[in-house]
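The values are calculated or read from the model by the stated rules, or taken from the named source; none is laboratory data. All figures in this text were calculated on a predicted structure; none of them were measured in a lab. Neighbour counts run over all protein chains shown; Cβ positions are idealised from the backbone, glycine included. Please note that ligands, DNA and RNA were not included when accessible areas were found on the heavy atoms of the full protein model with its side chains. Shrake-Rupley method; radii C 1.70, N 1.55, O 1.52, S 1.80 Å.
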Amino acid sequence: PTATNWDVENCFSSSYDAHIVIISGLGTASLSNVGLQLIRSTDAIENGANYDYIANGRTGYSADNASLLNHDFNATAINLAFRLPNGGAVRNTLSYTLTFTDLSNTARETRIYGTGGHYDNTHGESTIHLGARCFGASVYTGLRVFSTVGDFNKGRISSYGIKQS
């Protein structure tokens, strides 16, 4: 579906120890930054200044794109892409594999780890290794991926629960 926000509700459950989220081929209708926020069990979006990157938690390769690797502390979201270009080209898409832990434990921060990449018309290919956290002290049951400008016009988000035995 075409929308500025893609909410994946009830994809996290306390029945699982961790969750894997795969974002694949996400594209936008306009040049845009793309972010991620968690959804509380009350269906409210965690948009307070509760997100940050773990020390050295956002590293990667980008051809001359310093803004891609900025470390944001006390942010209202996790930045997944800076200047994701619009267009029909396959390379103009964002893909990530993310692991979420401690989603139901309000005594610890929720941790978000993963690897992703996208193409920026100005700076070329980018690969990002992400380590982030959220201090919201809430139980989280879903996530929102959002575009700062324009709508998403392609892509898929899949979620899987991981149970330790």
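Which of the residues spanning region 110-124 are open to solvent by less than 40 Å² (accessible area, probe 1.4 Å) and within 14 Å of ILE54 (Cβ to Cβ)?
The first filter runs over region 110-124 and keeps only residues open to solvent by less than 40 Å² (accessible area, probe 1.4 Å), leaving 110, 112, 114, 116-120, 123-124.
Selection gives THR110, ILE112, GLY114.
From the list THR148, THR127, THR99, exactly one residue is at pLDDT 85 or above and within 22 Å of ILE54 (Cα to Cα). Which is it? Before you say what the answer is, go through the steps one by one.
On the way: THR148 fails: within 22 Å of ILE54 (Cα to Cα); THR127 fails: at pLDDT 85 or above.
After applying the criteria, what remains is THR99.
For region 9-24, which residues satisfy the criterion of being open to solvent by less than 30 Å² (accessible area, probe 1.4 Å) and either over 13 Å from GLY142 (Cα atoms) or aliphatic (A, V, I, L, M) (or both)? Talk me through it step by step, then tell me what you get.
Filtering region 9-24 down to residues open to solvent by less than 30 Å² (accessible area, probe 1.4 Å) leaves 11-12, 18-19, 21, 23.
Of everything in region 9-24, those that are open to solvent by less than 30 Å² (accessible area, probe 1.4 Å) and either over 13 Å from GLY142 (Cα atoms) or aliphatic (A, V, I, L, M) (or both) turn out to be ALA18, VAL21, ILE23.
For region 132-149, the set of residues classified as of a type outside the set (Ser, Thr, Tyr), open to solvent by 30 Å² or more (accessible area, probe 1.4 Å) and in contact with a strand residue (DSSP E or B) (Cβ under 8 Å, 6 or more places away or on another chain) consists of ARG133, PHE135, VAL139, ARG144, PHE146, VAL149, listed by residue number.
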